[in-house]
Amino acid sequence: MDIELKDFELAQERLRPILHHTELDLSSTFSAMTGGRIYLKCENRQKTGSFKIRGASNKIAAMIERGEKCPVVASSAGNHAQGVAYAAKKFGIPATIVMPKAAPIAKAQATEGYGAKVVLAGDCYDDAYARACEICREEGAAFLHPYNDLEVIAGQGTLGLEVLGDLPSVDIVIVPAGGGGLLAGVSAAIKQVNPRVKVYGVQAEGADAIARSFREGKLVTTETASTIADGIAVKAPGDISVELIRRYADGVLTVSDTAIADAILLLLERCKQVVEPAGATPLAAVLSGALDVKGKRVVCVLSGGNIDVSFIQSIIERGLVARHRRIKFVVTLLDRPGSLMQMLGVISAAGANILQIEHDKLSEGLNPNETNVHVSLEVGGEEHGNAVIAALREKGYIVEYDN
């Protein structure tokens, strides 16, 4: 089983009038932090907010060329849903997207906004997939797999051709990996044009099926997939995509959720880029040192920007904690007038910004005249945070970090 360069070139021609040619942005900030020249491939600014429109559009275009102008069905609660919905509308065919009942309302509405019919079924992806298969049988529709399909993979691989066209001297391309379609397509396309270029996938530590598959030389599934990067939280990658990754990719890295959150925050602060957790994993890999990029021209693929607004705050919180910009601790005070004000005076003199204070008089072990005070502060970094804690301890306060 293989995919040839001509498949990617044909896909590129099909997609040219449909897609944005997303920019390749050289980041001076991240270059200085890593010692390499770090470019960001901004697929978070692609139509529908992610790369998924590439594979969906190529698949549907190929079906129509073969005379298969039938309805299409997909099961997804994320970017694949919106990519299929947009592509189907563009080509004038009906699309049904089956989502779990717990899918975010915003994603269901966005998918409907692109013209698809949304069906809510079951409590998890497997239930949605089962219902999607039923609909295919009932309506004579075609199922569009999100990653384990050669025509979908060819569409995703056009991203690699764009990178080579914009930066022929690139040394390394780093790609998020979940089901494996994007990594399979990008690595196969790039290696057939310029084998010198290294292509790496990156996964979250809690969802590393492709990393394990690459190490063991065979398809490996995991019992769980636990990560903030829901877009790549896949337990069972595709056998087609894994085989292509084994053949063409140079390695598959893993990063922690903390590193991912830190990368999202940096992208917001330094680049004004909204990137979902899955899309931030390549930058997390280079910033955390998972891959040495010193002296190299490196492209980090920001694969999508569809992050739930309600989730952004928790991501920012994780990132601030990871960068020692926010600290939480508990201080036991005498429960009498003026005690809290005295402690706050020490914090103020140390130059920290108070975010939250909470009294707790019911903690086990407290005397009747004592209270625990939970404090959350914004500080300038690890050194400043340590100085604040030291200032409190010098005044006799017993400080314990609060997890």
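The numbers here are math on the coordinates, done by the rules we state, and not lab data. If you're wondering where the values come from, they're calculated on a predicted model, not measured in any experiment. Virtual Cβ from ideal backbone geometry, glycine too; neighbours counted across all protein chains shown.
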Exercise. Evaluate the relative contact order of the chain (contact order divided by residue number), counting alpha-carbon pairs under 8 angstrom at least 6 apart; express in whole percent.
Key: 15
Exercise. Would you work out which of G140, L377, Y401 lies farthest towards the positive end of the dipole of the chain? Charges go on Cβ: Lys and Arg +1, Asp and Glu -1.
Key: G140
Quiz item: Of N58, N372, N194, which is the most mobile in a GNM of the chain whose springs link Cα atoms less than 10 angstrom apart?
Solution: N372
Quiz prompt | Largest to smallest principal axis extent of the C-alpha atoms in the chain, angstrom | solution = 81, 51, 38
Quiz item: Considering only DSSP beta bridges with both partners in the chain, what is the antiparallel share in %, to the nearest 5?
Solution: 45
Self-check item: Reach of K294 by Cα under 24 Å, taken over lysines that are not fewer than 8 positions away in the same chain
Solution: K41, K191, K198
Quiz item: Just the Cα atoms of region 63-131: what Rg and Dmax do they give in Å?
Solution: 11.8, 36
Self-check item: Along the chain, longest interval not containing exposed GluC sites (Glu not before Pro), exposed being DSSP loop plus at most 14 other Cβ atoms within 10 Å
Solution: 69-222
Quiz item: Quick one: in region 210-324, what % of C-alpha pairs are over 24 Å apart?
Solution: 29
Exercise. Quick one: dipole size for the chain, taken about the Cα centre, charges +1 on Lys/Arg Cβ and -1 on Asp/Glu Cβ, in debye to the nearest 20.
Key: 1020
Quiz item: Taking a quarter of the surface of the Cα convex hull of region 60-103, what do you get in nm²?
Solution: 2.8
Exercise. Bin width 5 Å, alpha-carbon pairs only: give the P(r) of region 7-72 as whole percents, running from 0 to the bin holding the largest distance.
Key: 4, 16, 19, 17, 15, 10, 9, 5, 3, 3, 1
Practice problem: Please list the equivalent ellipsoid semi-axes of region 99-181, computed as the square roots of five times the alpha-carbon gyration tensor eigenvalues, in descending order and whole angstrom. | Solution: 32, 15, 13
Exercise. May I ask for the distance between the Cα centers of region 54-90 and region 124-142, given as a whole number of Å?
Key: 15
Quiz item: So what's the back-of-envelope 222 nm ellipticity for the chain, counting only DSSP H runs of four-plus at -39500 (n - 2.57) apiece and dividing by all residues, rounded to 500?
Solution: -14000 deg cm²/dmol
Quiz item: When N is the residue count of region 316-399, what does its C-alpha Rg come to as a fraction of 2.2 N^0.38 Å?
Solution: 1.10
Practice problem: Let me know the volume per residue of the alpha-carbon convex hull for region 146-239, in Å³. | Solution: 98
Quiz item: Dipole of region 1-58, Cα-centred, from +1 at each Lys and Arg C-beta and -1 at each Asp and Glu C-beta, to the nearest 20 debye?
Solution: 240
Self-check item: Calculated diffusion of region 1-111, Stokes-Einstein form, Kirkwood radius summed over Cα pairs, 10 °C and 1.306 mPa s, µm²/s
Solution: 100
Self-check item: Partners for K89 among aspartates and glutamates (Cα-Cα distance below 13 Å; same-chain residues under 8 apart left out)
Solution: E112
